[in-house]
1. Taking interchain pairs and intrachain pairs at least six residues apart, which have beta carbon atoms under 7 angstrom, with the first residue in segment 225-238 and farther than 16 Å from Ser212 by Cβ and open to solvent by less than 10 Å² (accessible area, probe 1.4 Å) and the second among the hydroxyl-bearing types (Ser, Thr, Tyr) and more than 6 Å from the ligand (Cβ to nearest atom)?
2. Got a sec? Which strands (runs of 3 or more DSSP E) wholly within segment 244-326 have at least 2 residues that are closer than 15 Å to Val340 by Cα and open to solvent by 20 Å² or more (accessible area, probe 1.4 Å)?
3. Name, by its number, the condition in (1) within 16 Å of the ligand (Cβ to nearest atom); (2) touching a strand residue (DSSP E or B) at 6+ places or on another chain (Cβ under 7 Å); (3) at pLDDT 95 or above that does not hold for Gly57.
4. If Asp62 satisfies every condition in (1) within 16 Å of the ligand (Cβ to nearest atom); (2) surrounded by 24 or more Cβ atoms within 10 Å (Cβ to Cβ); (3) touching a residue at least 60 places away in the same chain (Cβ under 8 Å) but one, which is the exception?
5. Answer with yes or no whether Gly357 is closer than 22 Å to Ile230 by Cβ and in contact with a His (Cβ under 8 Å, 6 or more places away or on another chain).
6. Under 6 Å between Cβ atoms, at least 6 apart or on separate chains: pull out the pairs that start in segment 158-175 with a residue that is of a type in the set (Val, Ile, Thr) and end on any residue that is part of a loop (DSSP other than H, G, I, E, B) and open to solvent by 30 Å² or more (accessible area, probe 1.4 Å).
7. Among the residues of segment 71-90, write down those that are open to solvent by 70 Å² or more (accessible area, probe 1.4 Å) and in contact (Cβ under 8 Å) with a residue 12 or more places away in the chain.
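The values are calculated or read from the model by the stated rules, or taken from the named source; none is laboratory data. Please read these numbers as outputs of a predicted model, since none were measured by experiment. Neighbour counts are summed over all protein chains in view; Cβ atoms, including those assigned to glycine, are modelled from backbone coordinates with ideal geometry. For the accessible areas, the whole protein counts, side chains as well, though only heavy atoms, and no ligand, DNA or RNA atoms are used. Shrake-Rupley method; radii C 1.70, N 1.55, O 1.52, S 1.80 Å.
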Amino acid sequence: MPRPIVAYISKSALQHNLQVVRDHLSRASPSPDTAPQVWAVIKANAYGHGIERAVDGLHEADGLAMLDMDEALRCRMAGWRKPILMLEGFFDESDLALCMDHGLTVVVHDPDQIRMLQSLRLPSDSPPLKIFLKLNSGMNRLGFDPEHFQQAHTMLRSMAQDGKIGDIGTMTHFACADEHGGMDAPLAVFRGATSAMDGPVSVSNSAAILASPALMPSQPGRVSWVRPGICLYGGSPFADQEAADFGLLPAMTLSSRIIGVQSLSPGQSVGYGYRFTADRPMRIGVVACGYADGFPRHAPNGTPVSVAGCRTRLIGRVSMDMLTVDLSDLPQAGVGSPVVLWGKEGPSVDEVARASGTIGYELLCAIAQRVRVLNSE
Ligand SMILES: *Cc1c(COP(=O)(O)O)cnc(C)c1O
């Protein structure tokens, strides 16, 4: 029998969360046909949920966005025919050839990529490459500064005249979309730099969509594309708001079982470093889940865990393959009892992350390869 730890992935939760995004967008749009298109972001193995499962669960998205060429090719192999956006574009000429062959849309964020495009020799029958040109609107990660953006755009346009390039969209990414007013300045920079351009526009991640769907630029004739990631998986992009507050459902439930029980007398301790010491008689459950499964090692005493449908707490240090929980108030729980580390009928991944000083994103992406993944319905 395999170890009892399983990550269950819910297709219906993915579908539901995509619909939550659509509902947000349509409430903010004057008519249904002006609602933005949705790039479902499935980078990092679909935030740990698996590329093929995400392609299936998010099949109603208008496009998929990711970073790795091999993930993009897996999407095509899984039958995805709609657009695919490569968020970091191409890394070398061989990628560029793959992008052409598989009809991938690429982000161009750096002068080197423009040089590679210029030296690209194409067979005359190749369809033109679709591009989103990325503006650095203040985050100072990827993208052209406002001063160099126009020039980059002009260079791409001249290649478009030669038929090498098709649509040229414009995009940016927000550093502080999860903070009140955090989008005002970058959006003004973006509008200033792109107002004279045409083609599609893409600006919003989950935080921007959920905080303020109305900000989506909707210039007439320009298709707007949003880029939700975490919310599709049922995670919250905000430190102070739960995903459930937006009607989102967890797409991943990390579950396991109790595989051992110990009784502690007052003064006895548990696990490495004796981080937890009982001050009264206690029952302790040992759960088959450790940091080698992706559970955060730095989760402190008190991190919520659900056992046999009841909420209890982690105590003692998380070890590689196991962690320990307090069963003192759960006399009905014992070896074999089901445990939910996060997800449906357990704490949210964001609660576990917050307790552990990180964000739900990191925990979802860090699910280890050795964890079995199954469909939950
Ligand atoms: C990851 C990413 C997103 C999605 O972000 P979420 O916060 O998960 O919604 C959107 N755009 C870009 C460029 C990204 O890298």
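1. Gly229/Tyr47; Ile230/Tyr47; Ile230/Tyr361; Tyr233/Tyr47; Gly235/Tyr361
2. Details: elements: 252-264, 282-287, 304-307, 310-313, 323-326.
Hits in segment 244-326: 252-264, 310-313.
3. So Gly57 meets the others, but not (2).
4. Unmet condition: (2).
5. Numbers: closer than 22 Å to Ile230 by Cβ: yes; in contact with a His (Cβ under 8 Å, 6 or more places away or on another chain): yes.
Judged against the criteria, Gly357 is a match.
6. Ile165/Pro128
7. Within segment 71-90, the subset open to solvent by 70 Å² or more (accessible area, probe 1.4 Å) is 74, 77, 81-82.
Scanning segment 71-90 gives Arg74, Lys82.
Here's the yes/no breakdown for (1) more than 16 Å from Ala160 (Cα to Cα); (2) open to solvent by 10 Å² or more (accessible area, probe 1.4 Å):
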residue	(1), (2)
Cys99	yes, no
His102	yes, yes
Val106	no, no
Asp112	yes, yes
Arg115	no, yes
Leu122	no, yes
Leu129	no, no
Leu135	yes, no
Gly138	yes, yes
